[in-house]
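Worksheet: one structure, shown below.
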């Protein structure tokens, strides 16, 4: 039998209209899988963007032990970080800055003496990566009298570790999710194939090939995949529009966070293609299993 695309499309559309339950379950399953994948990828992209943005905000503080020579420490830090802005911050200045930062709550510091905070040396080093900042912090620990060096590394290192582990696990987890989704949708589409078993038998009796019989089912799976992934992409875009402004307002490093950082167009296109591929694979599995189990005449 000849290839008849209009006929196949009409049969696929009729099948989806006559079987809304199968269509809804298949589309919904693919929607959930694509949405979870996109959400995971978007969060990973946003985390990587925060790490990259931090490179322009490197601010290292060398806290000195009591009795350390502040000016000697500043000079030593300047030699360790040549070309960087290095400032000596006496304890009294640090306390005044803290009070200014507290605003109306500065009264909480009433009775607190300047000895409550240590002298420190601040080094501004914009443009460094996290690894470079960590190396510079290690060198600054050699400053005479240095008790501690801080550059906001606690949460950044946790974020860096999370991103690295998430990236390593993403391929395996998302691959398993895609396969599980395809199998689940395949079992659902088998109901549609079984409901039309008499029609398939008649077509086979008059000489229809397996490809001719299966083409409408493949198009049905493809349509469900595209529909489910399209809905997932729309929900992801809506979620970004709702969450991104709040995140930018709450986190300074996220001020430059854009749609291209979390949900770039290549990623959205890949999600659409993945949804279509899952639907196509599911329908192929369903029709192949039916034709394989069908008794020979």
message: Against the conditions (1) surrounded by fewer than 18 Cβ atoms within 10 Å (Cβ to Cβ); (2) at pLDDT below 75; (3) under 26 Å from residue 88 (Cβ atoms), where does residue 142 fall short? Just the number, please.
response: (2)
message: Against the definition (surrounded by 13 or more Cβ atoms within 10 Å (Cβ to Cβ), modelled with pLDDT of 90 or more and assigned to a helix (DSSP H, G or I)), how does residue 74 come out, yes or no?
response: yes
- request: Consider residue 178 carefully, then state whether it is more than 30 Å from residue 120 (Cα to Cα) and outside any loop (DSSP other than H, G, I, E, B).
  value: yes
- request: Would you confirm whether any residue within the stretch 230-247 is surrounded by fewer than 17 Cβ atoms within 10 Å (Cβ to Cβ), touching a residue at least 60 places away in the same chain (Cβ under 8 Å), in contact with a helix residue (DSSP H, G or I) (Cβ under 9 Å, 6 or more places away or on another chain) and part of a loop (DSSP other than H, G, I, E, B)?
  value: no
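The values are calculated or read from the model by the stated rules, or taken from the named source; none is laboratory data. For clarity, every value in this text was computed on a predicted model and none was experimentally measured. When we count neighbours, we look across all protein chains shown, and the Cβ atoms used for this are built from the backbone with ideal geometry, even at glycine.
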